[in-house]
Structures are given as C-alpha cells and as structure tokens.
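Below is one structure, written out as structure tokens; comments come after it.
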Amino acid sequence: MAKTAETKTAAAKAAVAKAARGTRTVAETEKIRVALTERRDELKAEHDQTLVEIAELQQHRLTDSAGDDQADTGTKTFEREQEITLANNILERVNQVERALERLDEGGYGWCEKCGNAIPVERLAAFPSATLCVTCKQLEERR
C-alpha cells in the first residue's frame, strides 16, 4: 500500500515537472544542442584515434614478440585489455551524449529520468549528459 502511494506521488511529481518543461527558449536549446554536438564529435574523434593507436600497438606487439616469456605475454595482454577498456569508456561517453541529444529533441533534457525534477544547471554544466538529478544519482550510487 505504501508503494502505491509512493508510485502515485512520483507520478504526480513527474506530471508537474512535465508541465513545467518547455521553459527553455529556442536559442538556449540550440546553444545546448551545439555544445552537445561538439562534445559528441570530439569524443568520436578521440575514439577513432584510440582505435588507430590500439591497432598500431597491436601490430608492433605482434612483430616484437620473439623471445617473450609468459610474463611478457601476460603484460602485453593486460595492456591491450586496458587500452580496449579505455576505448569502450570513450564509446560509452559518446552514447551518453547522443542520448542527451535525443532527450533534448524529446523535450526531456535537463529533467531527471527517475523523479521528474529539474537537474540543477550546475550539474548539467559539469556533466551535460546527466539524466538524473543529484539526489537520484546519489541513491543510485549507494546501491
């Protein structure tokens, strides 16, 4: 029963927040879109460059493996896994920015996906692809 009340309260908050949306001007929206697009393009370029570097390093590793012992092989494998992880992290950031652009088009940018409250401007300035307000993000990180 308490869960039903919480669900209704959350739905009501989301409805109020949804009604309050649209307070952003077209110029502000376009400024955000340009900033997000530039960030996405930077991240894509960084990802592409990282993939090129990984390929070059892998080629070098393949030609320079004569005389390697098990420790050398393990070290090279570990380094490659770290490089791939870094590339995947960059790709995840690209996906986050693309999601922020989608939310901007849908009118949901700047609003918490969980509770429907506005995400503070300071948070969006620090992390433009944020989808959760500070409170919801803190709750998520505690889990």
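Since every read-out is calculated from the coordinates, none of them should be taken as a lab result. Just so it is clear, the model here is predicted, and its values are computed rather than measured. Quick reminder, even Gly has a Cβ in these numbers, built from the backbone with ideal geometry, and neighbours come from all protein chains shown.
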Rounded to whole Hz, the Karplus (6.51, -1.76, 1.60) HN-Hα couplings of the stretch 122-130, x for glycine and proline: 4, 5, 5, 5, 7, 9, x, 9, 4
Amide H contacts under 5 Å for W111, placed H, 5+ residues apart: I119
For the stretch 27-107, the fraction of alpha-carbon pairs in successive 10 Å shells from zero, as %: 17, 34, 21, 15, 9, 3, 0
3J(HN,Hα) from dihedral phi, the stretch 31-45, Karplus parametrisation 6.51/-1.76/1.60, rounded to Hz, x for glycine, proline: 4, 5, 4, 5, 4, 5, 5, 4, 5, 4, 5, 4, 5, 5, 5
Neighbour-count ranking [beta-carbon atoms within 10 angstrom, fewest first] of D69, D105: D69, D105
